[in-house]
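S.K.: I'd like to ask you about the structure that follows.
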Amino acid sequence: MANIPKIVFFDIDGTLLRSQDGHVAFNDAILKTFGIPGDIRTIRPDGKTDPIILQEIFDVAGHDVEWGQADLETFSRNLQECYTRAISEGPTRVRALAGVPELVRELSRLPDLSLGVVTGNMEVTARLKLQAAGVGEHIGPGAFGSDSANRNDLPRIAMERWRLHLDVPVEPRHCVIVGDTPRDLEAARTNGMKCLLVATGRYNPLEELRKLDADQLLPDFSDTPAAVDALLGLFG
């Protein structure tokens, strides 16, 4: 029987990378899709899926908008177009956080270890950001806000995609979620997975994350050997 693979599922924003002026594309896509203005800066999006973010933006602005799956798919297409233009022409810039390129490259060299994503981003946006940050080539299948508005659904979806991708069983105890918010930890716990939190997000300093009792906690990924050791130590 083939070896059961070990998979690291990375969150994206605040964990692997940060976008400067990323709100421009998101807000443009809202206007293009729904014909009304909306501003992601009016809410706290960290750890949330894009469908939840979208509804919160409407609620804060007082917009009574009825929308469904077809509208979400249109929004996704517009988001892809707006992000592509914003990254290629400005003003949006995407950068990998300190130590991330080195960590991803080192992990990708390890046998029986695969890298995926569990993120609230729509898949089209996630892939654009990963490529712009220079780490996309190392990141395989995952789950996205376009799969479910409920973040706790995403690890199960990601695990099933890897089962199909590798054609071997994938077990929660051999999966680790890496993120920067309490929602990443909640998603891991809900799905029987271990979790490493990193204090590189905007709203969760190290002292606050320490209270959550994650399986591992790092200030950042600047120490590649320490980060690799912390991750590998979490696999059952």
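We did not get these values from a lab; they are worked out from the coordinates using the rules stated. Remember, it's a predicted structure, so these values are computed and weren't measured experimentally. Here the Cβ is made from the backbone with ideal geometry for all residues, glycine too, and neighbour counts use every protein chain on show.
S.K.: Compute for the range 20-93: radius of gyration divided by Kirkwood radius, i.e. Rg/Rh, restricted to C-alpha atoms, rounded to two decimals.
M.R.: That ratio is 0.94, to two decimals.
S.K.: Measure out, as a whole number of angstrom, how far apart the alpha-carbon centroids of the range 26-102 and the range 184-236 sit.
M.R.: The two parts, judged by their Cα centres, are 26 Å apart.
S.K.: Go through LYS48/LYS129; LYS48/LYS194; LYS129/LYS211 and tell me which ones have a Cα-Cα distance over 24 Å in this structure.
M.R.: Pairs exceeding the cut-off: LYS129/LYS211.
S.K.: Report the paramagnetic label zone for ARG41: residues of the range 71-99 whose backbone N is under 16 Å from a point 7 Å from Cα along the Cα-to-Cβ axis.
M.R.: Residues 91-93 fall inside that zone.
S.K.: Provide the percentage of antiparallel DSSP beta bridges, counting only those with both residues in the chain; round to the nearest 5.
M.R.: 15
S.K.: Restricting things to alpha carbons, find the Rg to Rh ratio for the chain using the Kirkwood radius for Rh.
M.R.: Looking at the chain, the ratio lands at 0.96.
S.K.: Report the relative contact order of the chain, percent, no decimals, based on alpha-carbon pairs under 8 angstrom and at least 6 residues apart.
M.R.: The normalised contact order for the chain reaches 25 percent.
S.K.: Let me ask something additional. What order, most packed first, do the peptides 11-23, 98-110 have when packing is the mean number of other Cβ atoms within 10 Å of each residue?
M.R.: With the highest mean Cβ count within 10 Å placed first, the list reads 11-23, 98-110.
S.K.: Would you tally the net charge around THR224, using a Cβ to Cβ cut-off of less than 14 Å, leaving THR224 out, and scoring K and R as +1, D and E as -1?
M.R.: Result for the local shell: -3.
S.K.: Order of 158-164, 172-178 by packing, highest average Cβ count within 10 Å first?
M.R.: Result, highest mean Cβ count within 10 Å first: 172-178, 158-164.
S.K.: Would you mind counting up the charge near SER19? Only other residues with Cβ under 11 Å from its Cβ, with Lys and Arg at +1 and Asp and Glu at -1.
M.R.: Combined, the nearby Lys, Arg, Asp and Glu give +2.
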